[in-house]
Amino acid sequence: MADRVTVIGWDGSSLTAAARSALSAATLVAGAAHHLALPEVPPTAERIRLGSLGLAARRIAGHRGTAVVFADGDPGFFGAVRTLRAPEHGLEVEVVPAVSAVAAAFARAAMPWDDAQVVVAHPRTLRRAVNVCRAHPKVAVLTSPGAGPAELALLLDGVHRTFVICEALGTDKEQVSVLTSDKAADHSWRDPNVVIVIGGAPPLAAEPGWLLGQSPARSPADRGWARPQADAGEAKEGGSAQLRAAQLARLGPRTGDLVWDIGSGPGALAVDAAALGAAVIAVDTDPDACARASAAARARGVQLQVVNGRAPHVLEDLPEPDVVRVGGGGAEVVAAVADRRPERIVSHASTRDEAEAIARALTDHGYTVECALLQSVDLDPRTWAEQDRSVVFLLAAERPVTR
């Protein structure tokens, strides 16, 4: 095992005394080409051009001597430290930090970033990173080859955002570009780069933040979800609060997910799912319901994409969902949704025949289906008189996990 491993963060500025001292004693130096070209790297040291950090860690673990690993920005922020400290390598490291690429990007843009979400985009996680950009008004994306500004823009098709693209931060080729997301796919961008994605409804005015990237409840009215609708007509149209609570619980929307809410009505469930951190597309045939859903999202301070159209045809052009609530359209729409293979689908029916048809459509597509008969009765606590009664079949389906 290496006698000593020092991880040096580099942001383009002069190396610190601690970094120079570690380098002077190094018998192995790992880093990108621009790191290995630094004049402080000892000419006698073994050099490893970083590709796979895991492979480099194994070589360092077998090295007899003193090793230095270079990383751009702060190596403890989505960086090399996590891999090097993994138990399978057995490495104890010292860290010389630097300004992270995200902090540098926001500094170039002269913007605060304690209210920003930060995500890493690789080809395998790009879609989830895009969903965070759909759901939040300020996101920093640490990109990678194959998951850069152009790919982000293509997957955000139909959602308007502003991109602040910071290329080659800390180098003599550094460049900052500001453009709309629909123009980003027309350019070639240098790696590495950071993209600040801005847009959608601005967050509601609040006290200065205390939690990075989060918007905790600002008042008692902001707490909870699946709350009763103030308007009785909207409550009937959107389903009872108890039904929405059960549907949300079975869907489990989370940050990085894309939720389809088909037959969204006035948007109560869609807005709740967005408040839980997911990206949400609300679909309804009624333009007035779509307008109310947009207004509900603005009032709650969340992002919501609203599509006016009739399922299943309108679904063809929508991006791939993770979880889906089918609030209208019956077995035909459920079958069309199942064709897109989301992880979870929930729906409901007012009759047993309709519930059986939906269950058949789901099982025919290979989903595991559960059904429950939910009955809820609203009571006036002053007189305990019955105000409203709801009886509905709740169907929840999960796609089998493939290994």
**Q.** Matching option when the condition is at pLDDT below 90 and under 14 Å from A101 (Cα atoms), among D172, D157, D222, D191
**A.** D191
Q) Since H348 meets every condition but one in (1) in contact with a Phe, Trp or Tyr (Cβ under 8 Å, 6 or more places away or on another chain); (2) in contact (Cβ under 8 Å) with a residue 60 or more places away in the chain; (3) open to solvent by less than 10 Å² (accessible area, probe 1.4 Å); (4) not aromatic (F, W, Y), which condition does it not meet? A) (3)
Q) Yes or no: A217 among the aliphatic types (A, V, I, L, M), assigned to a loop (DSSP other than H, G, I, E, B), modelled with pLDDT under 90 and closer than 21 Å to V391 by Cα? A) no
(Q) Of the residues E46, E40, E92, E88, only one is farther than 23 Å from T143 by Cα, within 33 Å of the chain's Cα centre (by Cα) and free of Cβ contacts under 8 Å to residues at least 40 places away in the same chain; which? (A) E88
Q) If we only count helices (runs of 4 or more DSSP H) wholly inside region 25-99, which ones have 3 or more residues that are open to solvent by less than 20 Å² (accessible area, probe 1.4 Å)? A) 53-61
Q) Only one of (1) modelled with pLDDT of 95 or more; (2) not in a strand (DSSP E or B) is not met by D115, so which one is it? A) (1)
Q) Can you tell me which residues in region 351-369 are surrounded by fewer than 14 Cβ atoms within 10 Å (Cβ to Cβ) and either β-branched (V, I, T) or within 21 Å of Q242 (Cα to Cα) (or both)? A) T351, R352, T363, T368
Q. Does S390 count as closer than 25 Å to A282 by Cα, at pLDDT below 95 and in contact with a strand residue (DSSP E or B) (Cβ under 6 Å, 6 or more places away or on another chain)?
A. yes
Q. Before we move on, is G199 at positive phi, open to solvent by less than 50 Å² (accessible area, probe 1.4 Å) and touching a strand residue (DSSP E or B) at 6+ places or on another chain (Cβ under 6 Å)?
A. yes
Q: Select, from L152, L91, L169, the only residue that is of a type outside the set (K, R), in contact with a Pro (Cβ under 9 Å, 6 or more places away or on another chain) and under 27 Å from G12 (Cα atoms).
A: L169
Q: Pairs only if they're at least six apart or on different chains, beta carbon under 6 angstrom, first in region 4-22 and within 9 Å of V68 (Cα to Cα), second polar (S, T, N, Q); list them, first residue then second.
A: R4/T66; A22/T6
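Rundown of residues vs (1) closer than 26 Å to R4 by Cβ; (2) charged (D, E, K, R); (3) touching a strand residue (DSSP E or B) at 6+ places or on another chain (Cβ under 9 Å), yes/no style:
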residue: T66; (1), (2), (3): yes, no, yes
residue: V69; (1), (2), (3): yes, no, yes
residue: G73; (1), (2), (3): yes, no, yes
residue: F77; (1), (2), (3): yes, no, yes
residue: L84; (1), (2), (3): yes, no, yes
residue: H89; (1), (2), (3): yes, no, no
residue: V102; (1), (2), (3): no, no, yes
residue: R108; (1), (2), (3): no, yes, yes
residue: D115; (1), (2), (3): no, yes, yes
(Q) Anything in region 225-257 that is modelled with pLDDT of 65 or more, under 22 Å from A291 (Cα atoms) and assigned to a loop (DSSP other than H, G, I, E, B)? List them, or say none. (A) W225, A226, R227, P228, Q229, G239, S240
(Q) Would you confirm, using the coordinates I've provided, whether V392 is of a type in the set (A, V, I, L, M) and either in contact with a Lys or Arg (Cβ under 8 Å, 6 or more places away or on another chain) or farther than 19 Å from A270 by Cα (or both)? (A) yes
Q: Check off (1) touching a residue at least 40 places away in the same chain (Cβ under 8 Å); (2) surrounded by fewer than 21 Cβ atoms within 10 Å (Cβ to Cβ) for E332 and give me the number that stays unchecked.
A: (1)
Q) All but one of (1) closer than 26 Å to R223 by Cβ; (2) touching a residue at least 60 places away in the same chain (Cβ under 8 Å) hold for V306; which doesn't? A) (2)
Q. Within region 280-292, can one find any residue that is free of Cβ contacts under 8 Å to residues at least 60 places away in the same chain, buried (at least 16 other Cβ atoms within 10 Å of the Cβ) and basic (K, R)?
A. yes
Q) Among the residues of region 295-311, how many are of a type outside the set (D, E, K, R), surrounded by fewer than 17 Cβ atoms within 10 Å (Cβ to Cβ) and under 18 Å from R325 (Cα atoms)? A) 2
Q.
Could you list, ordered by first residue, the pairs with Cβ atoms under 9 Å in which the first is in region 59-79 and closer than 21 Å to P43 by Cα and the second is part of a strand (DSSP E or B) and among the polar types (S, T, N, Q), at least 6 apart or interchain?
A. T66/T6; A67/T6; V68/T6; V69/T6
Q) Restricting the search to region 127-152, which residues are open to solvent by 10 Å² or more (accessible area, probe 1.4 Å), over 21 Å from A273 (Cα atoms) and not in a strand (DSSP E or B)? A) T143, P145, G146, A150, E151
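The values are calculated or read from the model by the stated rules, or taken from the named source; none is laboratory data. This structure is a prediction, so every number in the text was calculated from the model and none was measured. Methodologically, a virtual Cβ is constructed for each residue, glycine included, from the backbone with ideal geometry; neighbour enumeration extends over all protein chains shown. To get the accessible areas, we keep the full protein, side chains included, count just its heavy atoms, and leave off ligands, DNA and RNA. Shrake-Rupley method; radii C 1.70, N 1.55, O 1.52, S 1.80 Å.
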